[in-house]
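Note sheet for the following structure.
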Amino acid sequence: MAVAARGTRGGGSGGINGGLRTFFSYRIFFSAIFTLLFLATLSILFSSHHHHHDDDSLPSSGNAYVQRTFLAVKSDPLTTRLDLIYKQANDHMTLVNAYAAYARKLKLDISKQLRMFDELAKNLTDLPLKPSYKSSLFEPGSPVDEDVLRQFEKEVKDIVKVARLMIVESKESYDNQIKIQKLKDTIFAVNELLIKAKKNGAFASLISAKSVPKSLHCLAMRLVEERVAHPEKYKEEGYKEEFEDPSLYHYAIFSDNVIAVSVVIRSVVKNAEEPWKHVFHVVTDRMNVAAMKVWFRMRPVEGGAFVGIKAVEEYKSLNSSYVPVLRQLENANMQKFYFENQAENATKDSTNMKFRNPKYLSMLNHLRFYLPEMYPKLHKILFLDDDVVVQKDLTGLWKVDLDGKVNGAVETCFGSFHRYAQYLNFSHPLIKERFNPKACAWAFGMNIFDLDAWRREKCTEQYHYWQSLNEERTLWKLGTLPPGLITFYSTTKSLDKSWHVLGLGYNPSISMDEISNAAVIHYNGNMKPWLDIAMNQYKNLWTKYVDNDMEFVQTCNFGL
């Protein structure tokens, strides 16, 4: 039994070492076989050399000897090639058989070890049941026979000795297996914690991105306070015909962020060759309209550019009876989706939590679909998001031939990414029937719109049709890009990518050359440049256009 136990080293660390020794024994064995074969081949070749020495005139050293050796083989070249292939196959067959034999040995060792443990357990169980021991040692009331006891003790010790040997040899292997399992359990637990931390981090990032920073709130309050303290300075200005002059360069900016709008306008004007020909149409909400007006009265735009500021509520026609988004916000289910238990819902559904932000149904976001109605006397207008910075003169965009199309935009697709399939639900029959899932998506944020073509194509009516169908969010989730892709499907002209570079709000790997060559850079994503979570490598491209001489900017510690 002891000998048999020592033969079971394949089960423990000793088994591993024994396995390695066995493996190397096979290696040595096969190396010896191949060496003998090689020496035998050489002897045959030498014999051949001696037999043909008188007939061959080749020298007997170096490469010439090898050449003579091959010339001595009087056979067809294909036969030689076949022999080589056959030899290669045989060599690998031998190698495979060696590994197979080793694998079988390991399997046999393990099964043998299992059988031995079972046998040991059975021996220990059956030993007291032997008739000679049962009657002499375990019968109640009968005296214990010392000779029988001594024999019983000897057999027990023999079995225990074998068991200890086997346990010692197997213990390290089993301990390693336990450690491996514990490590797996630890990795699984850490992975679960990591997933939870990512969800919490994404939620915290979303809160940080969508919350109003203290400095921005301070700035708005200071501006309103200034309006209240000095109402005589901020009387409404009269009508200016430049706001309806189609020969000028018109921009639409819809935002409730004072400092962001200021940066967009300052960056446009500072890079414009003729700033006095640029007109900015700023629309905000009722809460921020006073702050916007005070800012641009205190800090007039340089170069003679024109800035007009309105509240969205001033556009009386844009009401819930006409605008599907406003009508949907009156729906009880929609209000519940957005405004009840937002934090709880977000943490339960982290992949879609960003779509639960009410800003996606904000009228400021959807104003871009009503440009022809808001500016009926204009032919073209450039739409800019409030998170962009302009680095070059943009007047060239008005000269781009849109080929009769409505929207000029930079395409964002590459490979299979940013295709229509990523934004629309192609399992819905209406979407599947009308649109190509492989069509290339484009970017909102810097779009030149031909308003005459828009009116001709009735794009706003198209937008209303699809937005009304999506009340239950079955065609797309939320946001303005999906309905934009639908509304301007086949009516969008692709612009050169240097006009608009995106990703500065989420992608840390954008080439600085690409950024420096861009006319417009866009901080789309959560890491806006006015937030503490902004990426430092891009932030200075935005902060250099902040009006730091404005007293309230200093008071509210912007950028600190």
Checklist entry - What's the number of the condition Q467 fails, among (1) in contact (Cβ under 8 Å) with a residue 60 or more places away in the chain; (2) open to solvent by less than 60 Å² (accessible area, probe 1.4 Å); (3) closer than 23 Å to H522 by Cβ? => result (3)
Item to check | Residue selected from the stretch 486-505 under the condition surrounded by fewer than 22 Cβ atoms within 10 Å (Cβ to Cβ) and out of contact with any strand residue (DSSP E or B) (no Cβ under 7 Å at 6 or more places or on another chain), by the criterion nearest to Y322 (Cα to Cα) | outcome: Y489
Checklist entry - Of everything in the stretch 507-560 that's hydroxyl-bearing (S, T, Y), at pLDDT 95 or above and part of a loop (DSSP other than H, G, I, E, B), which residue is least open to solvent (accessible area, probe 1.4 Å)? => result Y523
Checklist entry - W476 passes all but one of (1) part of a helix (DSSP H, G or I); (2) open to solvent by less than 50 Å² (accessible area, probe 1.4 Å); which number fails? => result (1)
Item to check | Within the stretch 223-329, helices (runs of 4 or more DSSP H) holding 3 or more residues that are buried (at least 22 other Cβ atoms within 10 Å of the Cβ) and in contact (Cβ under 8 Å) with a residue 24 or more places away in the chain | outcome: 258-270, 289-298
Checklist outcome for this item: Residue hits (the stretch 402-431; in contact (Cβ under 8 Å) with a residue 12 or more places away in the chain, open to solvent by less than 50 Å² (accessible area, probe 1.4 Å) and assigned to a loop (DSSP other than H, G, I, E, B)) are L402, G404, V406, V410, T412, C413, L424, H428
Checklist entry - Scanning for something outside any helix (DSSP H, G or I), more than 22 Å from S320 (Cα to Cα) and either open to solvent by 40 Å² or more (accessible area, probe 1.4 Å) or not β-branched (V, I, T) (or both), does the stretch 448-458 turn up at least one residue? => result yes
Next on the checklist: Within the stretch 143-166, take every residue that is at pLDDT below 75 and surrounded by 15 or more Cβ atoms within 10 Å (Cβ to Cβ) and give me the one that is farthest from K112 (Cα to Cα).
Outcome noted: D145
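The values are calculated or read from the model by the stated rules, or taken from the named source; none is laboratory data. Quantities reported herein were computed from a predicted structural model and do not represent experimental measurements. Glycine also receives a Cβ, built like all others from the backbone with ideal geometry; neighbour counts cover every protein chain displayed. Ligands, DNA and RNA are stripped out before the accessible areas are found, and what is left, the full protein with its side chains, is counted by its heavy atoms. Shrake-Rupley method; radii C 1.70, N 1.55, O 1.52, S 1.80 Å.
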